[in-house]
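To start, the structure under review is shown below, and the notes come after it.
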Amino acid sequence: MRKYLKISLLSSSLLLLGVVALGQSILTLDAYGEGVYNMQIDRKKDHFSGILSVAEESKGVYRFALVSKMGGTLIDMRIIEQPHAKNTVHPPGGKTIEPSDLIYCVEPLNKKAILKLLERDFRLLIWKKTKNMTPGKKVIIGGKKFRIWSNPCIRSGVQTWKTAFAVTYTENCDLIETKINHPAIRLHLTIAPMEH
Amino acid sequence: MKRHILNITFLLALTCTVSSILAQDSFEPVKDEAVLKSRMKSTAATTQTMKCDFAQEKHLSFMSMPIVSNGKMVVKHPSKLRWEYLTPYSYIMIINDGMMSMRDEGNDSEMDLSKSEGFKQMNFTIMSIMGGEMGDLEGFETTYFENETNYRVDLKPTDEQVSEFIAEIRVYIEKTAMAVFQVQLKEASGDETRMYFKDHVLNAKVSEDQFIIK
């Protein structure tokens, strides 16, 4: 069980590198500003899956909850988006600190390093294209560099040599799934929208 | 005049319906705890197997709609349980004599529940609730309530580790058949999971294959 919890932590942590349909984040939120995703996490031979719920509570304020399939809430976090010009740039001498709020976390996941990683990955999900996304262009999200390249419906990005992600859309640009691979730590994530 | 009579009739019908719904939701402490405990014991003793369908609703405080999943449950006394989600995802959890097996989107794993006191306790709690044997459940403070049609058993964890996850479990039992028809799990996070059980089949033949992941 502990193993699964660890995986679930990692899972959520390295969550989604959002790739973006123009002017939107990777999130496909409904009319209420909510979205539910089936998230699968594979690390080495271990597998875990859970449900990721996301809601935009108010403009630029997002709530993320990772829930096990049997119903238990593992983590609940609020992330506040800041203007891109400020939150995507390292200030001299330090990284930008963006506001976030941990609402609840099960004890095994309640570690500073895990929460930091989680926040950064959740932040990737809500990141929106605000300027042109020229292939090869580098952007900084949550203090990490990403290189973007894209075609009309399928986009992918690279964080560093350690991480790769790919997002698949239908011809209508509806999200099919996002795959994130972290070969260095042998962690693979798949996130797909779920009916709810 | 006719319209007035119709309006009054409609209002009366509405009042009756609302009152009956409210009556179903309002519970009072059980008058005779011993009778309820003995009924639970005798139901558990005469129930060898139980099959039913379930719907699970996960209520997150910030979501307008619950996340709903559906599946089937099979219990074979005293120590076997199959809990299977069919929609919108596929997930199977089986407890078979202290071993827990899971199939998650085609990936299998197994765990020996007897290796840790915490898991042993979890196994015992799940099997007791599913089997309707909740009288004086170890590790929980139990209180009993009733209304005209149902009993409600409230279980508050006394164990510190359990209370980190669970604030309270409420089990609703239908009085006539003594069947568990709803379980409400209030989490320490403030979120809630509700499980609704229906189409109970008691003492039907259940193959041992049901408790093996193939």
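Throughout, read-outs are computed from the coordinates displayed, never taken from laboratory work. None of the values given here were measured: they were computed from a predicted structure. Heads up, the Cβs are rebuilt from the backbone with ideal geometry, glycines too, and the neighbour counts pull from every protein chain shown.
With R₀ set to 30 Å, the beta-carbon distance separating B:Thr49 from A:Tyr32 gives a calculated FRET efficiency near 0.10. Taking other Cβ atoms within 10 Å as a rough exposure proxy, A:His47, B:His200 sort from fewest to most as B:His200, A:His47.
GNM, chain B, Cα, under 10 Å: largest mean-square fluctuation among B:Met93, B:Met111, B:Met178? Fluctuation is largest for B:Met111. Placing dummy labels 7 Å off each Cα toward the beta-carbon, the span from B:Ser38 to B:Val201 is 3.3 nm. When chain B is treated as a GNM with alpha-carbon contacts under 10 Å, the residue of B:Met63, B:Met127, B:Met100 showing the greatest mean-square fluctuation is B:Met63.
Cβ crowding within 10 Å, taken as a proxy for footprinting-reagent exposure, orders B:Lys205, A:Lys44 from fewest neighbours to most as B:Lys205, A:Lys44. Couplings 3J(HN,Hα) for the range B:69-83, derived from phi with the Karplus relation 6.51 cos²θ - 1.76 cosθ + 1.60 (θ = phi - 60°), are 9, 10, x, 10, 10, 10, 10, 10, 6, x, 9, 10, 9, 10, 10 Hz, where x marks Gly and Pro. Its residue count N sets the reference 2.2 N^0.38 Å, and the alpha-carbon radius of gyration of chain B equals 1.17 times that reference. Count neighbours as other Cβ atoms within 10 Å of each site's Cβ, and list the trypsin sites (Lys or Arg not before Pro) in the range B:23-60 that are DSSP loop with at most 13 such neighbours. Here the trypsin sites (Lys or Arg not before Pro) that fit, given the DSSP loop and packing criteria, are B:Lys31.
Separation of the alpha carbons by more than 27 angstrom is noted, of B:Lys120/B:Lys156; A:Lys112/A:Lys137; A:Lys69/A:Lys111; A:Lys112/B:Lys115; A:Lys45/A:Lys111, for A:Lys112/A:Lys137; A:Lys112/B:Lys115.
Other protein chain C-beta atoms within 10 Å of residue C-beta, averaged over B:55-68: 6.
Simple point charges give the picture: +1 on the Cβ of Lys and Arg, -1 on the Cβ of Asp and Glu, and for chain B a dipole about the Cα centre of about 1020 debye. Mind checking which of B:Phe197, B:Phe27, B:Phe181 has the largest fluctuation in a GNM of chain B, springs on alpha carbons under 10 Å? Among B:Phe197, B:Phe27, B:Phe181, the largest GNM mean-square fluctuation belongs to B:Phe27. Modelled spin-label separation between B:Lys31 and B:Ser90, with each label point placed 7 Å from Cα along the Cα-to-Cβ direction: 5.2 nm. The fewest-to-most ranking of B:Glu164, B:Glu148, A:Glu56 by surrounding Cβ atoms within 10 Å reads B:Glu148, B:Glu164, A:Glu56.
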